[in-house]
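The values are calculated or read from the model by the stated rules, or taken from the named source; none is laboratory data. Note that the structure is predicted; figures quoted are calculated from it, not measured. No Cβ is skipped: glycine too gets one built from the backbone with ideal geometry, and neighbour counts run over all protein chains shown. Ligands, DNA and RNA are excluded from the accessible area calculation, which covers all protein heavy atoms including side chains. Shrake-Rupley method; radii C 1.70, N 1.55, O 1.52, S 1.80 Å.
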Amino acid sequence: MKLRLILLILSSMAFVFASAGGYFYYTSFKEAAFREAESKTIIRLERINKNLSQLLSAYDKPVRILSGMQQLQEMLRNAGPETLTAANQILDHFKNSLQADVCYLMDNRGNTVASSNRDDPDSFVGQNFSFRPYFQMAIMGQAASYLALGTTSAKRGVYFSYPVYYYGKESPDGIVVIKGSIELIEREMGFASDEIVIVTDPNGVIFISNKSEWLYRTAWQISPETAAEITASRQFGEGPWDWVGLKDFEGEYIVDRSGKKYLHHDVEMDDYPGWRISHLLDMQTVSQKAFKPLVVFVRPIVLTFFFVMCMSVFMLYRQASLEIRQRKAAEEALRESDARYRSLYHNTPAMLHSINREGQVVSVSNYWSEMLGYSQDEVIGKNLTDIFTEDSKKYAEQKVFPQFFMDGYCTDIPYRIVKKNGQILDILLSAIADRDEKGEIIRTLAVSIDVTERNRAVEALRLAKEELSSYSKNLERQVSIRTREITNILKYTPDVVYVKDRDGRYVLVNSRFEELFGVSGEEIRGRTDYEIMSKAVADEFRKNDLRVLQEGKSMQVEERVSHNNEVHTYLSVKFPVYDEAGAVNGVCGISTDITAVKKAQDHLRRLSGGIMASQEKERTAIARELHDELGQVLTALRMDAVWMQERLKESDPKIVERALTMCDLIDKTIKDVRSIAIRLRPGVLDDLGLVDALEWLTSDFENRSGITCVFEHKDVPELNDTVSTAAYRICQEAMTNVARYAEAGRVSVVLRADKNILILSIRDDGKGFDTAALSEFEGVGIAGMRERAMLAGGNLEVISEKGKGCNVLFKVPIVPIRQDAGETV
């Protein structure tokens, strides 16, 4: 029993010791595995940081070269179809050579003026990106790189921007931008399948990751204020910035929403302050790597060792293979970048060259050789200043070169270069330094711009300015003369002249205005009509001014103003005043006092009305006498002739025949007398009214002239004698003119009432005439009709063109008639 107990105890102890040993072995092995994983993670993280920094900085030098392109500078300075086409060609060339996402040019206000994606659906030409930090830094003269989501393309990208300077200017005219694709960089990074790599901005927004569902979400929980700031920056779109659920756990670990634990390391990105690269390794994967040796431990030692060695070799081989593939991918990307740079260097239509610290030419671009005529073998290894003029050579060696190798850059240095054919070019040279690992300048990268033609243009511009200055002085002298003439006109003219702005405030008045209203020009300036006139007069003035402003054309109107205790009538001509842009900004008025003329016209109108009334009375009296007196005499004479016919028909046939002839002649005379009496004053006009009178007049006209005459009437009310007489006489005169001059075949007379207005139209299809070409004698009839129309309170319009007949249109307000007394109200 004791032996069994001892064996049991020993077995238990062996089991406990074996278990403890296995546990301690597992623990130490696991700890070693974790430390190894942690060490590899740190190395892997540094390699990722280095490779990502290289890929993100691939366009740093190209964007500097692109900013020096003359075509882009000309586009910003002199925008037009030709400069735009040249700028687009340069942007397309850089985009294709660099395999960039897009290259574009912005002016100093942030507007996109040219872009390589101008023909794409997601083109943003014309859009403003002044809110982007890369624009704000570049426009201040600093190179900038910026990671963001495209607001138009919705594609992630790294933006490189650089200021574009025009010749000799210290402030940039705009900036140039090259955007690289983040998706392409992610593919070139070659992230492993058992790792999670995230790149976050200073606020924790995930922008680069091999776990695509985490993009544009936050790695850590953020406050609403921070979320609002991210949205306001528009750097990564509009949100909503969901949290992926990562939390800190025991210092060096983090867990996700499902509770999965990760080994976590992060490092700050090079050249992007605040941005961090985080590497997450699943702890379950690490634990599995640590647990497998313990399981194999119970198997034979050899198999365990062999298996562990095989697994170790396999893991090392796999890791080494992965690192070799990643290194090859990075080297291939570097070679492609170098090849693109060399292609860009030699194929860009710009004069590019490099020199070493001794001033010897190291390399020149193909375009440089073509422009100057020297082959690369003729210049490489020789001093650059050997092809300069003597003055430029001295200036470069004594001033420019020493200063450049101190500062590391130079901008717009003027040189004169002698081409191989002897021709001299004026150039502007800008250069930056290329440094070694110690920061020492080893060579330059320079771009030269041919400004020969520009300098000639500058000289031509100087001569043009001198000519323009002479012309301006002559123009100023002429303006001074014209100003004195206009001032004298305004001062001594008897008319009132004034200018108002759109709000009715006086801007300018002449001396006659000051005299009439008792104010000076300074006192009236800025005041309105309501401040110097009665409200009724001011309302009328303002209504006429607004009509001119709205219609944009001149008008003539009569205006009445009271001054010197008397109402004066002015004939005002008002017309719009235009500003430099062609917009109406005021009204100018010239008013002539026609008070005396109006009084004379009123007197003449009353006199004319009296004469016409007397004529109508005289015509009525003559018509009555012809009808009553002469008619009765002729009737008695006819009766005597008939009596003679009856008495002598048996005894003297010749006398009977003569008596019959006398009867016919007397009948004709009676008819003519009656017709003359009716035409002088038709009784039907007094007895039956205007409609029946016109019916008789048109019928009589058709019978007498043989011209077809049609009379129509509609809704004609009872009219007073003045209007009826005026309408009848106007129709009579118009039809008389048709019979005399028109050579018409048809006359249409229409009488109708429309909205309390009586309208009489006499239209013919005759030869017509030019109303403006009537002589004073030929126009007497029309003047008489106009006078009758005016006396009746209406107006007359004559519409005619040669070959298109004539239309006489009489319009007059209908004045109601009091029925009980038969009088006009």
Which pairs turn up if I take residues in the stretch 516-541 that are in contact (Cβ under 8 Å) with a residue 24 or more places away in the chain and look for partners that are open to solvent by 60 Å² or more (accessible area, probe 1.4 Å) and in a loop (DSSP other than H, G, I, E, B) with beta carbon separation below 9 Å, at least 6 apart in sequence or on another chain? LEU516/ASN564; THR528/ASP503; THR528/ARG505
Among the residues of the stretch 546-579, how many are free of Cβ contacts under 8 Å to residues at least 24 places away in the same chain, assigned to a loop (DSSP other than H, G, I, E, B) and more than 18 Å from LEU516 (Cα to Cα)? 3
Taking the residues in the stretch 491-521 that are surrounded by 14 or more Cβ atoms within 10 Å (Cβ to Cβ), in the same structural domain as VAL587 (by TED's automatic domain parsing) and of a type in the set (S, T, N, Q) as candidates, determine which candidate is farthest from PRO576 (Cα to Cα). SER511
Qualifying positions in the stretch 356-372 - out of contact with any His (no Cβ under 6 Å at 6 or more places or on another chain) and of a type outside the set (A, V, I, L, M, F, W, C): ASN356, ARG357, GLU358, GLY359, GLN360, SER363, TYR367, SER369, GLU370
So, in the stretch 133-168, exactly how many residues are under 23 Å from TYR216 (Cβ atoms), β-branched (Val, Ile, Thr) and open to solvent by less than 40 Å² (accessible area, probe 1.4 Å)? 1
Test: residue in the stretch 513-526 that is at pLDDT 80 or above, of a type in the set (Val, Ile, Thr) and touching a Leu at 6+ places or on another chain (Cβ under 7 Å): no
Candidates ILE442, ILE417, ILE424, ILE413 - the one that is farther than 15 Å from GLY68 by Cβ, assigned by TED's automatic domain parsing to the domain that holds SER369 and open to solvent by less than 40 Å² (accessible area, probe 1.4 Å): ILE417
By residue number, the members of the stretch 46-73 that are closer than 19 Å to ALA446 by Cα and in a helix (DSSP H, G or I) are ASP60, LYS61, PRO62, VAL63, ARG64, ILE65, LEU66, SER67, GLN70, GLN71, LEU72, GLN73
Condition met for LYS382 (over 30 Å from ARG512 (Cβ atoms) and open to solvent by less than 70 Å² (accessible area, probe 1.4 Å)): no
For the stretch 715-751, give me each residue that is closer than 15 Å to GLY689 by Cβ and either within 57 Å of the chain's Cα centre (by Cα) or outside the structural domain of VAL815 (by TED's automatic domain parsing) (or both). ASP715, VAL716, LEU751
Total residues in the stretch 357-374, condition loosely packed, with under 14 Cβ neighbours inside 10 Å and more than 20 Å from THR452 (Cβ to Cβ): 2
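Quick check, is ALA86 without any contact (Cβ under 8 Å) to a residue 24 or more places away in the chain and open to solvent by less than 60 Å² (accessible area, probe 1.4 Å)?
Spelling it out, ALA86 is indeed without any contact (Cβ under 8 Å) to a residue 24 or more places away in the chain and open to solvent by less than 60 Å² (accessible area, probe 1.4 Å).
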For the stretch 532-560: of the residues being polar (S, T, N, Q) and more than 16 Å from VAL497 (Cα to Cα), which is least open to solvent (accessible area, probe 1.4 Å)? SER534
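Just need a number here: residues in the stretch 522-531 that are open to solvent by 70 Å² or more (accessible area, probe 1.4 Å) and either touching a Ser or Thr at 6+ places or on another chain (Cβ under 9 Å) or not aromatic (Phe, Trp, Tyr) (or both).
Summing the residues that are open to solvent by 70 Å² or more (accessible area, probe 1.4 Å) and either touching a Ser or Thr at 6+ places or on another chain (Cβ under 9 Å) or not aromatic (Phe, Trp, Tyr) (or both) in the stretch 522-531 gives 4.
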Is one or more of the residues making up the stretch 181-190 out of contact with any His (no Cβ under 6 Å at 6 or more places or on another chain), at negative phi and part of a loop (DSSP other than H, G, I, E, B)? no
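Have a look at LYS473, LYS465 and point out the one that is open to solvent by 70 Å² or more (accessible area, probe 1.4 Å) and either under 30 Å from LEU428 (Cβ atoms) or assigned to a strand (DSSP E or B) (or both). Before the answer, list the steps.
Working: LYS473 fails: either under 30 Å from LEU428 (Cβ atoms) or assigned to a strand (DSSP E or B) (or both).
Going through LYS473, LYS465 in turn, just one is open to solvent by 70 Å² or more (accessible area, probe 1.4 Å) and either under 30 Å from LEU428 (Cβ atoms) or assigned to a strand (DSSP E or B) (or both): LYS465.
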Within the set of pairs 6 or more residues apart or between chains, which connect a residue that is over 27 Å from THR722 (Cβ atoms) inside the stretch 689-711 to a residue that is in a loop (DSSP other than H, G, I, E, B) and open to solvent by 30 Å² or more (accessible area, probe 1.4 Å) with Cβ atoms less than 8 Å apart? ILE707/GLY745; THR708/GLY745
Residue in the stretch 173-218 that is surrounded by the most Cβ atoms within 10 Å (Cβ to Cβ), counting only those that are touching a Leu at 6+ places or on another chain (Cβ under 6 Å) and farther than 20 Å from ARG44 by Cα: VAL176
Among the residues of the stretch 220-239, is any open to solvent by 30 Å² or more (accessible area, probe 1.4 Å), in a strand (DSSP E or B), of a type in the set (A, V, I, L, M, F, W, C) and closer than 27 Å to PRO133 by Cβ? no
Starting from the stretch 747-760, keep only residues that are open to solvent by 70 Å² or more (accessible area, probe 1.4 Å), then list their pairs with residues that are in a strand (DSSP E or B) whose Cβ atoms are within a distance under 6 Å, requiring at least 6 positions of separation or different chains. ARG752/LYS714; ARG752/ILE759
Which condition breaks for ASP377 when tested against (1) surrounded by fewer than 19 Cβ atoms within 10 Å (Cβ to Cβ); (2) in contact with a Gly (Cβ under 7 Å, 6 or more places away or on another chain); (3) more than 22 Å from TYR166 (Cβ to Cβ)? (2)
